[in-house]
Amino acid sequence: MILNEVGRGLSKYKAGVLRTFLQEYGFIFLGYRCMDEFDINDVLLTTKSDKPVSIIKRSQTINRSKVSSLW
């Protein structure tokens, strides 16, 4: 994405690429807050697919005790 596209959503081409991936593959979004200027929510909400989609939100803080217990 280039700076002059901020706030306008995804271009038709980029939305089409994302839609194709969502329809063909399971998808995991890591660290996505769903609040960006180049919002993909419209594509997520309007794409019909039986593939799983997971969104793992980014946290402002890191709980080091939880991180160390994972390893």
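Once you have the Cα-Cα distance between Phe29 and Ser11, take 0.36 nm times their residue separation minus that, and quote the gain in nm to one decimal. That pair, Phe29 and Ser11, stretches by 4.6 nm at full extension. Phi angles across the stretch 50-55 convert, under the Karplus curve 6.51 cos²θ - 1.76 cosθ + 1.60 with θ = phi - 60°, into 3J(HN,Hα) values of 9, 7, x, 10, 10, 10 Hz, Gly and Pro given as x.
Only the coordinates and a few stated rules stand behind these numbers; no lab work does. It should be emphasised that the depicted structure is a prediction, and the values quoted were computed from it without experimental measurement.
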